[in-house]
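Peer 1: The structure's right below; bear with me while I get my questions together.
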Amino acid sequence: MFTRSASQPISVVTGGAGFLGSHLTDRLLKEGHRVIAIDNFITGSTANIEHLAGNENYRFIKHDVSNYIFLPDDVDYIFHFASPASPIDYLEHPIPTLKVGSLGTHNALGLAKAKGAGFLLASTSECYGDPLVHPQREDYWGNVNPIGPRGVYDEAKRFAEAITMAYYRYHHVNTHIVRIFNTYGPRMRLRDGRVVPAFIGQALSAEPLTIFGDGSQTRSFCYCSDLIDGIFKLSQSDFHEPVNIGNPREMTIKQFAEEIIRITEASSEIEYRPLPVDDPKVRQPDITRARTVLGWEPRVDFDQGIRQTIDYFRTRIA
Ligand code: NAD
Ligand code: UDP
């Protein structure tokens with residue numbers, strides 16, 4: 001059991017066996033925290049945390065946080081990252097996605113309140129839906145189809161933001177909300193369906209790159225270490241409204257496919273597939289708030305980040 005000490009804060013990371021939760025854990029351990037990771041492996045993997053086995057500052061609990069979370073330990077901070085995140089994952093698990101965004105967030109906030117801990121919600125640019133304002137600023141309320149297939153994720157996260165603000169205003173929990181824009185890097189699942197692992201996996205296997213729609217839709221890709229840095233800074237701040245964290249470098253999905261083919265020197269062709277329902281046409285973060293409030297700025301350029309990610313996927317395919 002971890003007990004409070006001034007020198008070693010105790011952080012809980014829900015979704016700690018996932019792509020971002022495991023990178024956040026590594027960063028927190030580096031900052032001198034002790035970390036309790038909680039995950040039910042619905043989309044996570046033991047491979048993301050096996051390097052932590054035997055670390056006395058780390059503990060793992062297999063648990064579904066949509067059910068009551070019992071923890072005897074002292075807790076200083078809770079990072080709530082548990083949720084399927086890839087469109088394929090949340091379409092395959094619509095009810096668990098709704099439950100973890102609503103019941104799971106309620107349980108994690110209840111734990112924060114009971115322990116007197118700070119709380120950070122991993123929210124998403126999907127709160128803006130298929131945006132009619134571009135680039136997206138935090139004061140834009142979004143354009144979400146609540147009953148479309150993506151609604152299970154978007155509305156769960158919007159509820160999660162609402163309950164987080166309620167715990168801040170009515171229970172005075174020290175809460176933070178990050179709206180994460182498309183983030184990529186090592187430890188993504190090769191077959192999670194998101195465009196970065198999909199295209200890299202296809203290029204490295206000399207298969208066609210599958211562009212959904214005509215490829216004119218845009219995304220802005222942020223490397224994971226930049227994102228984690230922004231999240232850590234936000235957790236230390238006294239700012240309570242949502243903050244966009246992402247890299248404003250925007251490109252079309254067609255340009256992204258061409259970049260992957262160029263960098264991997266793949267012989268792959270491009271194959272066009274139907275565009276999924278409600279797929280946002282544009283996405284780019286306005287990061288003025290993160291710049292001014294946190295002094296945060298992405299540092300890893302696209303070429304450098306994507307090459308490191310490709311190197312990682314080579315080891316998964318070999
Ligand atoms: P991921 O699927 O790799 O990680 C999510 C983790 O949560 C997995 O390990 C999964 O097993 C776990 N989980 C899900 N439901 C759970 C439950 N009920 N109880 C316990 N564990 C549960 O995805 P990720 O990309 O690391 O995303 C992490 C968080 O960041 C998510 O909340 C996601 O919505 C948010 N986010 C990510 C991105 C991105 O680009 N990666 C963008 C926006 C928001
Ligand atoms: N996409 C694609 N081919 C794929 C996977 C995704 O063209 O094999 C497109 C998808 O339709 C979307 C963009 O790439 O327009 C980003 O998709 P992703 O699943 O990574 O996340 P999203 O940003 O939609 O949440």
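Peer 1: Quick one: in region 27-74, which of the residues that are in a helix (DSSP H, G or I) and in contact with a Ser or Thr (Cβ under 6 Å, 6 or more places away or on another chain) is nearest to ligand 2 (Cβ to nearest atom)?
Peer 2: Across region 27-74, the extreme among qualifying residues is ASN48.
Peer 1: Mind checking whether some residue in region 299-307 is within 16 Å of ligand 1 (Cβ to nearest atom) and surrounded by 20 or more Cβ atoms within 10 Å (Cβ to Cβ)?
Peer 2: For region 299-307, residues within 16 Å of ligand 1 (Cβ to nearest atom) and surrounded by 20 or more Cβ atoms within 10 Å (Cβ to Cβ): present.
Peer 1: Assess whether GLY185 counts as being closer than 21 Å to PRO135 by Cβ and within 14 Å of ligand 1 (Cβ to nearest atom).
Peer 2: no
Peer 1: Of all residues in region 26-78, which are under 29 Å from ASP238 (Cα atoms) and small (Gly, Ala, Ser)?
Peer 2: GLY32, ALA37, SER66, listed by residue number.
Peer 1: Going through LEU234, LEU275, LEU227 one at a time, which residue ends up being within 13 Å of ligand 2 (Cβ to nearest atom) and either crowded, with 20+ Cβ neighbours inside 10 Å or not acidic (Asp, Glu) (or both)?
Peer 2: Values: LEU234 fails: within 13 Å of ligand 2 (Cβ to nearest atom); LEU227 fails: within 13 Å of ligand 2 (Cβ to nearest atom).
The match here is LEU275.
A quick yes/no check of all residues on (1) touching a Lys or Arg at 6+ places or on another chain (Cβ under 6 Å); (2) touching a residue at least 24 places away in the same chain (Cβ under 8 Å); (3) crowded, with 22+ Cβ neighbours inside 10 Å:
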site: PRO9; (1), (2), (3): no, yes, no
site: GLU31; (1), (2), (3): no, yes, no
site: GLY44; (1), (2), (3): no, yes, yes
site: ALA53; (1), (2), (3): no, no, no
site: PHE60; (1), (2), (3): no, yes, no
site: HIS93; (1), (2), (3): no, yes, no
site: LYS99; (1), (2), (3): no, yes, no
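Peer 1: Out of the strands (runs of 3 or more DSSP E) lying entirely within region 185-304, which hold 1 or more residues that are over 30 Å from ALA162 (Cβ atoms) and in contact with a strand residue (DSSP E or B) (Cβ under 8 Å, 6 or more places away or on another chain)?
Peer 2: It comes to 209-212, 250-252, 270-273.
Each reported figure results from applying straightforward, stated rules to the coordinates on display, with no laboratory input. Bear in mind the structure is a predicted one, so any value in this text is a computation, not a measurement. Please note: Cβ atoms are built from the backbone with ideal geometry, for glycine as well, and neighbour counts cover all protein chains shown.
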